[in-house]
Amino acid sequence: MNSGFGHPPGLVAWWRRLASRALAAGARTPFYLFSAEPFTGRIAELESLDLGRPATLWLSCKTQPLAPLLRWWAAQGRPIEVVSEFEFRGAIAEGFPPERILVNGPAKHRWLPGVSVRGIRVNFDSPAELAALLPLARRHHWRTGLRLRTAGETDPEFPDSPTQFGFERDEVSAALRRLGKAGLKPETLHFHLRTNVPDPGFFDRALSEVAELCGQIGWRPQNLDTGGGLPPRYTLDRQGDRMDGGYPGGLDTYAATLRQAAAWFPGLREWWLEHGRFVSAGSGVLVVTVLDARSRSGIRQLLCDGGRTLNALISIWEQHALVPLPTRRGKGVTTVVHGPTCMAFDQLSRRPLPSSVRPGDQLLWMDAGAYHLSWETRFSHGLAEVWWHDGRGLERTRTAEGFADYWTRSGGTPRPAVLP
């Protein structure tokens, strides 16, 4: 019961030991605990796949914008994908050479001119963006590509409407001509289906569409950037189904899809993979402390110092395993785990937990390595501590945000909390 969702017992025990180390070293809950070790396993899995062509694995910075992670990745000579000025500047600050920085995302013409350096890679997102950035692309010798919106890229809330990203099919030829006249040969075709792509069929349909277009207009891209998509292991959707359940053969079914598609692109040299959630999710946990316990209407309620509103917005659509520390056994009772904010929405989890879990215990919200820092909030509280494990040492890389930090951000003047 304590591990849940298929986590190997040894993995759960490893995270318990690491969290205990952090607590013994002075960690204050709520805190995020991230480790490089799970990253290495996911990287090895992707790089061992036979995709029919070589593959380059890019670090999706938006998924886990953590400075020590970027340093660790850069030290291995690996490249990074960024989608904002903050991420771009972070990549430069942590030592990535320009040729190992890929700039994706929309509306780059708003910020990229102020920070651009020579030799970066840029995938243009729209005709207007291309027109605005083309002079800079020539001057700084960018290596370029285009993002295409495929038919499967629709608004998740309104499936009949397209997303706002990328070139439409009928805009691509003009963009290629414009790049050619500027002396820039576009090397990369990029698409990004969505997060948590349900099954490899989505990739198959997108690649078939892209191959048809390339054949019609005579474009032979050297690189195919397939974007994000692969769901992480050990997470469930709100209905309780595994989010990677559409991959019954594991990554082999995905690899077979790309391997087959490689033959459709005569000029293809490399696949570019930036599967942020798959690579990052298992690399972190959120550690919270139970502050209060209540029983109402046949359910147990645990109130904790961290939760959905502050630390885990992703729990709106994903269910993650929740592990008590210390280990608790006994009868499982339906338990709702709440955060500390004044919102009924603040529910981290609703599932059976041992009735012996009590105030003072810690709970480990598993698989918290993807998008948690990106979507962290300050709803009546400061930001949480962050701890990093590089495979050997363990260090606090961010202290909890105190009142003075919090209040001055809103233009206030912090004063001692002493009444006259």
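Assessment of segment 257-273 against the conditions (crowded, with 24+ Cβ neighbours inside 10 Å and of a type in the set (Gly, Ala, Ser)) yields no matching residue. Based on what the data block shows, is residue 13 more than 26 Å from residue 354 (Cα to Cα) and assigned to a helix (DSSP H, G or I)? Answer is no for this residue.
The residues in segment 311-329 that are over 19 Å from residue 195 (Cα atoms) and open to solvent by 50 Å² or more (accessible area, probe 1.4 Å) can be counted, and the count is 3. Just one of the numbered conditions (1) within 19 Å of residue 25 (Cβ to Cβ); (2) over 25 Å from the mean Cα position of the chain (by Cα); (3) not hydroxyl-bearing (Ser, Thr, Tyr) is not true of residue 392: (2). Only one entry of 67, 25 meets the criterion of being of a type in the set (A, V, I, L, M, F, W, C) and under 29 Å from residue 223 (Cβ atoms), and that entry is 67. Residues in segment 194-214 include at least one that is of a type in the set (A, V, I, L, M), at pLDDT 95 or above, over 21 Å from residue 101 (Cα atoms) and touching a strand residue (DSSP E or B) at 6+ places or on another chain (Cβ under 7 Å). When each of 353, 348 is tested for being surrounded by 17 or more Cβ atoms within 10 Å (Cβ to Cβ) and within 24 Å of the chain's Cα centre (by Cα), the lone residue that passes is 348. Here residue 238 fits the description: out of contact with any Gly (no Cβ under 8 Å at 6 or more places or on another chain), open to solvent by 30 Å² or more (accessible area, probe 1.4 Å) and at negative phi. Scanning segment 238-248 for residues being in contact with a Pro (Cβ under 9 Å, 6 or more places away or on another chain), over 22 Å from residue 59 (Cα atoms) and not in a strand (DSSP E or B) gives a total of 3.
Residues of segment 61-86 that are part of a helix (DSSP H, G or I) and surrounded by 20 or more Cβ atoms within 10 Å (Cβ to Cβ): 61, 62, 63, 69, 70, 73. Taking strands (runs of 3 or more DSSP E) as the structural unit, those lying wholly within segment 259-349 and holding at least 3 residues that are touching a residue at least 40 places away in the same chain (Cβ under 8 Å) correspond to 270-273, 284-296, 299-304, 322-325.
Number of residues in segment 156-197 that are within 23 Å of residue 81 (Cα to Cα) and part of a loop (DSSP other than H, G, I, E, B): the value is 16.
Selection within segment 101-148: residues that are open to solvent by less than 40 Å² (accessible area, probe 1.4 Å), without any contact (Cβ under 8 Å) to a residue 24 or more places away in the chain and part of a loop (DSSP other than H, G, I, E, B). The member of this set that is nearest to residue 187 (Cα to Cα) is 120.
All of (1) part of a strand (DSSP E or B); (2) under 30 Å from residue 74 (Cβ atoms); (3) open to solvent by less than 50 Å² (accessible area, probe 1.4 Å) hold for residue 396 with one exception: (3). Screening segment 207-235 for residues that are in contact with a Gly (Cβ under 9 Å, 6 or more places away or on another chain) and not in a loop (DSSP other than H, G, I, E, B) and picking the one that is surrounded by the fewest Cβ atoms within 10 Å (Cβ to Cβ) gives 209.
Residues in segment 11-51 that are small (Gly, Ala, Ser), open to solvent by 10 Å² or more (accessible area, probe 1.4 Å) and under 22 Å from the mean Cα position of the chain (by Cα): 41, 44, 48.
Looking at 99, 94, just one residue is at pLDDT 95 or above and in contact with a helix residue (DSSP H, G or I) (Cβ under 9 Å, 6 or more places away or on another chain), and that residue is 94. Find the residue count for segment 99-139, including only residues that are more than 20 Å from residue 62 (Cβ to Cβ) and touching a Gly at 6+ places or on another chain (Cβ under 7 Å). Looking only at that region, the number is 2.
The values are calculated or read from the model by the stated rules, or taken from the named source; none is laboratory data. Computed from a prediction, not measured in an experiment: that's the story for all the values here. Here Cβ is always computed from backbone atoms with ideal geometry, including for glycine, and neighbour counts include all displayed protein chains. Surface areas here come from the heavy atoms of the whole protein model, side chains and all, with no ligands, DNA or RNA. Shrake-Rupley method; radii C 1.70, N 1.55, O 1.52, S 1.80 Å.
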